[in-house]
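Note sheet for the following structure.
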Amino acid sequence: MVEISTSILNIKSENRIKTMYDLEVAKTDYFHIDIMDGKFVENDTKEKMITYMNELKQISNTPLDIHLMVENVKENIEECLAYNPNILTFHIEAVKEEERKPLIEKIKKQNCRVGIAIKPETDIEEIKEYLPYIHMVLIMTVEPGKGGQKLIPETIEKIKELKEYLDKQNLEIDIEVDGGINLENVDILKTAGANIIVAGTAILNAEDYKEVITEMKQ
Ligand code: DX5
Ligand code: ZN
């Protein structure tokens, strides 16, 4: 089954509470929270995202899918776990090898699912040894840092490669894709093996959220 995680990075701030409510009614499976620190990527969205998460905790029961684009992963994990996310994902590029397994364990101990994200230029070889211990791989289909970009076609091959590897190893973990995804390209990603689709612009700019979300899921 394919699930939809709506990125609220570029939600219009003025009427965000209504939009959050509408997205829940439209049956988004998750709210995708993009936390950026101004170091791992240029933008800094942390304060804004903390505000949004506090609001969501008050008005919604939809699970949170947190995507950390930060250098100090440990500190941010500790802060984010307070919001009881369903999935907490960090970038492999931000964490030294010896710190990766302890971070995975730290997240799991809080009954939260663990995701590892890779940038477009990072090979799936880099994450293979962690796959038995995690719940999801987030394959970035754009360079992390901002919404509204165009999907990088070369990333599709990586989704296929990962899916084949997981099947061969009998590992049942989710493949999430994030960046530049819309109704035109979503089917290619699903066929390649992705089962959690992140979309920001394609959903938030639509007249009818439910229509886009339903169509993306089919
Ligand atoms: C990019 C973020 C994405 C992005 C998705 O760094 O991780 O979640 O906001 O937005 P769209 O769908 O507009 O590319
Ligand atoms: Zn994201």
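Going from most exposed to least, what order do Lys18, Lys190 have by accessible area with a 1.4 Å probe?
Details: Lys18 130, Lys190 35 Å².
Correct descending sequence by accessible area is Lys18, Lys190.
What number, rounded to the nearest 500 deg cm²/dmol, is the helix-based mean residue ellipticity at 222 nm of the chain, given -39500 (n - 2.57) per DSSP H run of at least four residues and division by all its residues?
Working: 8 runs with 81 residues, N = 218.
Calculated at 222 nm, the ellipticity per residue is -11000 deg cm²/dmol.
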(request) Sticking with the crude label model, points 7 Å out along Cα→Cβ, report the distance from Lys39 to Asp208 in nm, one decimal please. (result) 4.6 nm
(request) State, to one decimal in nm, how far the label point of Glu121 lies from the label point of Glu184, with both points 7 Å from Cα in the Cβ direction. (result) 2.7 nm
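Give the residue list of GluC sites (Glu not before Pro) in the stretch 133-218 that are DSSP loop and have at most 13 other beta-carbon atoms within 10 angstrom.
Working: sites: Glu154, Glu157, Glu161, Glu164, Glu172, Glu176, Glu184, Glu207, Glu211, Glu215; in loops: Glu154, Glu172, Glu184, Glu207.
Filter output for the stretch 133-218: Glu154, Glu172, Glu184, Glu207.
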(message) Whole angstrom only: what separates the Cα centroid of the stretch 1-35 from the Cα centroid of the stretch 79-156?
(response) 20 Å
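Compute the signed sum of charges (Lys and Arg +1, Asp and Glu -1) over the other residues within less than 10 Å, Cβ to Cβ, of Lys146.
On the way: positive: none; negative: Asp34, Glu42, Glu143.
With Lys, Arg at +1 and Asp, Glu at -1, the neighbours total -3.
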(message) Compute, for the stretch 111-168, the length of the dipole vector about the Cα centre, with Cβ point charges of +1 (Lys, Arg) and -1 (Asp, Glu) only. Units Debye, rounded to 20.
(response) 320 debye
(request) First check a/c for the stretch 74-118, with a ≥ b ≥ c the square roots of the eigenvalues of its C-alpha gyration tensor; if it is under 1.5, answer rounded, and if not, answer prolate when a/b is larger than b/c or oblate otherwise. (result) prolate
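To the nearest 20 Debye, how big is the dipole of the chain about its Cα centre, given +1 on the beta carbon of each Lys and Arg and -1 on that of each Asp and Glu?
Details: 27 positive and 42 negative charges, 106 e Å.
Magnitude of the dipole: close to 520 debye.
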(request) Set Lys and Arg Cβ to +1 and Asp and Glu Cβ to -1, take the dipole of the chain about its Cα centre, and tell me which of Gly180, Gln169, Tyr83 lies farthest positive. (result) Tyr83
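Classify the stretch 11-109: rounded, prolate or oblate, from the alpha-carbon gyration tensor (a ≥ b ≥ c, eigenvalue square roots; a/c under 1.5 rounded; otherwise prolate if a/b is larger than b/c)?
Working: a/c = 2.54, a/b = 1.66, b/c = 1.53.
Prolate shape, in that a/c is at least 1.5 and a/b is the bigger ratio.
Around Asn205, what is the net charge, scoring Lys/Arg as +1 and Asp/Glu as -1 over all other residues with Cβ under 13 Å from its Cβ?
On the way: positive: Lys12; negative: Glu207, Asp208, Glu211.
Combined, the nearby Lys, Arg, Asp and Glu give -2.
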(request) Give the span of the chain's Cα atoms along each principal axis, as three whole-Å numbers ordered largest to smallest. (result) 43, 36, 30
(request) Starting from the Cα-Cα distance between Asn54 and Glu215, subtract it from 0.36 nm times their residue separation and give me the gain in nm to one decimal. (result) 55.0 nm
(request) Over the stretch 118-218, consider all pairs of different Cα atoms and compute the Kirkwood hydrodynamic radius from their mean reciprocal separation; express it in Å, one decimal. (result) 14.0 Å
(request) Would you please state which residues of the stretch 86-112 a label at Leu131 would reach in this model, taking the label point 7 Å out along Cα→Cβ and a backbone N cut-off of under 17 Å? (result) 92
(message) If I take R0 = 45 Å and measure r between the Cβ atoms of Asn10 and Asn170 in this structure, what FRET efficiency does the formula 1/(1 + (r/R0)^6) give, to the nearest 0.05?
(response) 0.70
(message) Taking 8 Å as the Cα distance limit and 6 or more residues as the minimum spacing, I'd like the relative contact order of the chain as a percentage.
(response) 22 percent
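Would you mind checking Lys46/Lys128; Lys39/Lys217; Lys150/Lys190; Lys39/Lys160; Lys39/Lys106; Lys96/Lys119 for any pair whose Cα atoms are more than 27 angstrom apart?
On the way: Lys46/Lys128 29 Å; Lys39/Lys217 34 Å; Lys150/Lys190 17 Å; Lys39/Lys160 31 Å; Lys39/Lys106 23 Å; Lys96/Lys119 16 Å.
Table pairs above 27 Å Cα-Cα are Lys46/Lys128; Lys39/Lys217; Lys39/Lys160.
The values are calculated or read from the model by the stated rules, or taken from the named source; none is laboratory data. The structure displayed is predicted, hence computed values, not measured ones. Every residue, glycine as well, gets a Cβ built from its backbone with ideal geometry; the counts of neighbours run over all protein chains shown. Only protein heavy atoms, including side chains, enter the accessible area calculation; ligands, DNA and RNA are left aside. Shrake-Rupley method; radii C 1.70, N 1.55, O 1.52, S 1.80 Å.
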